[in-house]
Amino acid sequence: RATLESTSLKPEDWNDWGSTTSDSQLFLKLSGGTTPSRVQAQIIKLFKKHQKPDPEDHSTTTYILQPLSDLHFNADYSNFDQRLAHKPTLYGLLAVAAFLLLLACINFINLTTAQASQRAKEIGIRKTMGSSKKQLIIQFLSETFLLTFLAAILSLLITPLLLKVFADFIPEGLHFNLIQQPDIIMFMGILVVTVTVLSGFYPAIVLSSFQPVNVLKNQANTGKSRSAWLRKSLTVSQFVIAQVFIIATILVSKQISYSLNKDMGFKKDAIINFNTNYYDTVQGHRFLLMNKLKAIPEIALISLGNNPPSSNNTWSSTMKFKDGKKEVETDVQVKLGDTNYIKLYQMKLLAGSNLPYSDTVHNLIINETYAHILGFRQLQQAIGKYIEWNDKQNPIVGVVADFHQHSFHESIKPLIITTNTSQERNFSIALRPQNAEGTIWKTAISKIEKAFKQIYPEDDFEYTFFDESIAKYYKAEQNMSRLLMWATGLAIFISCLGLLGLAIYITNQRTKEIGIRKVVGATVTQIVSLLSKDFLKLIIIAFIISIPIAWWGAHAWLQNFAYKTTLSWWIFLAGGLIMFLIALIILCIRTFKAAMANPVKSLRTE
């Protein structure tokens, strides 16, 4: 505790009420019966007591207590750079599972009602022998329950394998064990009953409603018009879901590609970062390490700062600027770096000069956004002006082009870059280009680790490639993209499986018609076209319905990004074409087989 209170380890504006940093968190345990809102009100009162009022500042400051249970889920606040659960991804998983189950239920209803006539005589005989409608409904629901129960058992058996497939984005502590997790058994029981009712109730009602007299006379009224209308509606619903999945997969992949490839305003390739011991207050150790690193030929450039240009860590402070007429007070992001910082990351200096080395005066480089907030139309006008920070006047020596301090989820904020050797513990190392053998980087890292161990023998050497750190910003989106690909594949498979089943049923029902048409001169192409066009019409209808649904979902999802890709028309067209072509291939395979059948055999079938 005494070490933590060391003045040299505190941020320079530790006692400034207008400053925040992601390196510190305050935990409060409330007394019994105390409400969070009451404590929040007292904190705000305490803030107003210690913060000097500014008559020209009309903004309001509030404090919010974050529940401990929210730490693992809320990405709006830092959690010491620890892994956070992404609630949208969890909800997305639930939605995907629900839609896939819905597709399976639709398929079952479709195929069961389509094949109702094949069980008509069985139902007629059972009713003649005294079976009631209630008994038949129970029988058909029991059959559905048995199928669903067997599917649930199979899913439990393959779950451990699926967890291994998705192990790279499942927390390490998550294990599948039915003995230790009885809730899963309860959930599966409820799920089996729910799916049984959803998928089996309507077919049971339809099958049990047949009249035995008509059935035994081969005059069963299977409700063809009603069933056909239902089958078409369910088929459209299946393909709407599948096409929404396809469009969502394309869009997420497009946004990820945009985020990873768009220029962020700095160089991110061939750069590694590592920190020295936070509690080491001897500055000479860091400079000794830097001198050792400068002797490594595989290193192109070295810079010492507090964080790279873009990171999950934040440090902001309230700063003031007076131009003689008015005072501009702004919350500003703070980055620390030496004279090589801008050069190493290849930032574009738009006005002024680079940071000079200084132990006393804090020269500042500001970004474009901050310059515009201060009212400078021409960036050169900002050079030589002073920013009040920590009760000191700090000169502006340069203006750097805007760069993204965080992921594309957040907008660019006003920022300063300055030097402070006492708090610069993050090394940025620009490596030389790889050779043909690809050994330069490996050799450089090995030498860096050796030099690090000479200065900090008891510390672990942990480094990260800067571009990989940037890519981790979009880990949730990458996981979502992967899940969507699997879900889309399953949705297409289930939908096309149902389509194939219906196509087989329809061609079997129209076997005599196909034979007669071939006898009177119809070509294979004409028959294939005749049998396929009704199904293709349903797919086109599904595409039309899916467009507004997919657009609404895509538009809502893109609002999570301050900088996002365009919602191009070709995404929707591509989704429709992919589904149309897959369905067309499946239909053509089945209908072509029916059209190629010998008409003599076809006419003998009835």
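The values are calculated or read from the model by the stated rules, or taken from the named source; none is laboratory data. Since we're looking at a predicted model, the values are computed, not measured. Because the Cβ atoms are built from the backbone with ideal geometry, glycine has one as well, and the counts that use them run over all protein chains shown. Accessible surface areas use protein heavy atoms only, side chains included; no ligands, DNA or RNA. Shrake-Rupley method; radii C 1.70, N 1.55, O 1.52, S 1.80 Å.
Can you give me the distance in nm between label points at Y456 and F201, each placed 7 Å from the Cα along the Cα-to-Cβ direction?
The answer from the label model is 6.3 nm.
Which lysines, if any, have their Cα less than 22 Å from the Cα of K49, not counting same-chain residues under 8 positions apart?
Partners within reach: K320.
Tell me, what is the FRET efficiency for I585 and N74 to the nearest 0.05, using R0 = 51 angstrom and their Cβ-Cβ distance as r?
Calculated transfer efficiency: 0.65.
If you stretched the chain out fully between S132 and F176, how much longer would it get, using 0.36 nm times the residue separation minus the C-alpha to C-alpha distance?
In short, 11.4 nm is gained.
Would you mind calculating the relative contact order of segment 337-393 from Cα pairs under 8 angstrom and at least 6 residues apart, reporting the percent as a whole number?
27 percent
Ranked from highest to lowest mean number of other Cβ atoms within 10 Å per residue, what is the order of the peptides 518-526, 394-402?
The packing order, highest mean first, is 394-402, 518-526.
Per residue, how much accessible area does segment 276-406 have with a 1.4 Å probe, in Å²?
46 Å²
For each pair in K121/K533; K326/K392; K335/K447, compute the distance between the two Cα atoms and list the pairs where it is over 25 Å.
Too far apart for the 25 Å limit: K121/K533; K335/K447.
As a test of reading the structure, rank M264, M129 by solvent-accessible area (1.4 Å probe, protein chains only), most first.
M129, M264
Evaluate E = 1/(1 + (r/R0)^6) for R377 and I549, where r is the Cβ-Cβ distance and R0 equals 45 Å; express this FRET efficiency to the nearest 0.05.
Step by step, r from the Cβ atoms, then E = 0.45.
Please list, by residue number, everything in segment 566-597 whose backbone N is under 16 Å from a paramagnetic label point 7 Å out along Cα→Cβ of L558.
Flagged as within label range: 566-575.
Going from most exposed to least, what order do R126, R286, R231, R38 have by accessible area with a 1.4 Å probe?
R38, R126, R231, R286
Under a crude label model (7 Å from the Cα following the beta-carbon direction), how far is M186 from W570 in nanometres?
Placing both labels 7 Å along Cα→Cβ, they lie 5.2 nm apart.
For Y357 and F166, calculate 0.36 nm times their separation in residues minus their Cα-Cα distance, and state this gained length in nm to one decimal.
That pair, Y357 and F166, stretches by 63.8 nm at full extension.
Using per-residue counts of other Cβ atoms within 10 Å, averaged over each peptide, order 529-536, 476-483 from highest down.
476-483, 529-536
Extension gain T339-N275, at 0.36 nm per residue separation less the Cα-Cα distance, in nm?
21.2 nm
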